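As structure tokens, the structure follows; a few thoughts come after it.
The values are calculated or read from the model by the stated rules, or taken from the named source; none is laboratory data. Remember, it's a predicted structure, so these values are computed and weren't measured experimentally. Note that we place each Cβ from the backbone using ideal geometry, even for glycine, and neighbour counts take in every protein chain shown. The area values use the complete protein model at the heavy-atom level, side chains included, leaving out ligands, DNA and RNA. Shrake-Rupley method; radii C 1.70, N 1.55, O 1.52, S 1.80 Å.
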Amino acid sequence: LVASLEQVEETYIMVKPDGVQRGLVGEIISRFERKGFKLTGLKLFQCPQELAEEHYKDLKSKPFFPKLIEYITSGPVLCMAWEGVGVVASARKLIGSTNPLQAEPGTIRGDLAVQTGRNVVHGSDSPENGKREIALWFKEGELCQWIPAQAPWLN
Ligand code: RTP
């Protein structure tokens, strides 16, 4: 009942190349799955330069932008779309602060990372950006709307 009164949102979560290389894909998927969100898209993908630049276009003027693009395109990423009530802010909490040294223990970055430039995972920062980023990284046929048979409270 509570859930039906709140807004169902979508967020784009991405395991960055360092997370894939370190074998953290399963661990990171598990955290969102166990929390109770619904996976609606999943793929391993080598990100082209243009897509990385579009995704991070708001950071274009930052001094670290070229290094960021180099990092994100350095190897495959795991692209995910997740759906649920309050999923955007909740996923950001599960991920933790941008600088992993400031991220709380128990968060993904707090538990698994050290450097800002190698912070293993991305999560959309607003419902609008969640929609924008899912549309940017996935084709329509790659997303799957489904009703979990054993967990109708997730619908
Ligand atoms: P994300 O988009 O990846 O979830 O990260 P965020 O919102 O926590 O952080 P944002 O400020 O949007 O930065 C995006 C990504 O750029 C890299 N970064 N490097 N000073 C630096 O070297 C620096 N600052 C940011 C990080 O990979 C960050 O996640």
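Pick from segment 119-128 the residues that are open to solvent by 10 Å² or more (accessible area, probe 1.4 Å) and within 9 Å of the ligand (Cβ to nearest atom): which of them is farthest from Arg31 (Cα to Cα)? The selected residue is Asp125. Pick from Asp58, Asp18: which is farther than 30 Å from Val85 by Cβ and within 11 Å of the ligand (Cβ to nearest atom)? Just one listed residue meets the conditions, Asp18. Just one of the numbered conditions (1) assigned to a helix (DSSP H, G or I); (2) open to solvent by 70 Å² or more (accessible area, probe 1.4 Å); (3) in contact (Cβ under 8 Å) with a residue 12 or more places away in the chain is not true of Leu44: (1). Scanning segment 85-111 for residues that are away from the ligand (no atom under 12 Å from the Cβ), in contact (Cβ under 8 Å) with a residue 60 or more places away in the chain and open to solvent by 10 Å² or more (accessible area, probe 1.4 Å) turns up Val85, Gly86.
When only residues in segment 61-78 that are outside any helix (DSSP H, G or I), within 13 Å of the ligand (Cβ to nearest atom) and of a type outside the set (Ser, Thr, Tyr) count, which is nearest to the chain's Cα centre (by Cα)? It comes out as Val77. Is at least one residue of segment 49-72 closer than 18 Å to Val88 by Cα and open to solvent by 90 Å² or more (accessible area, probe 1.4 Å)? No.
Of all the listed residues (Pro76, Pro17), the sole one being touching a Ser or Thr at 6+ places or on another chain (Cβ under 7 Å), open to solvent by less than 90 Å² (accessible area, probe 1.4 Å) and in contact (Cβ under 8 Å) with a residue 12 or more places away in the chain is Pro17. Only one entry of Gly41, Gly75 meets the criterion of being over 16 Å from Phe138 (Cβ atoms) and modelled with pLDDT of 95 or more, and that entry is Gly75.
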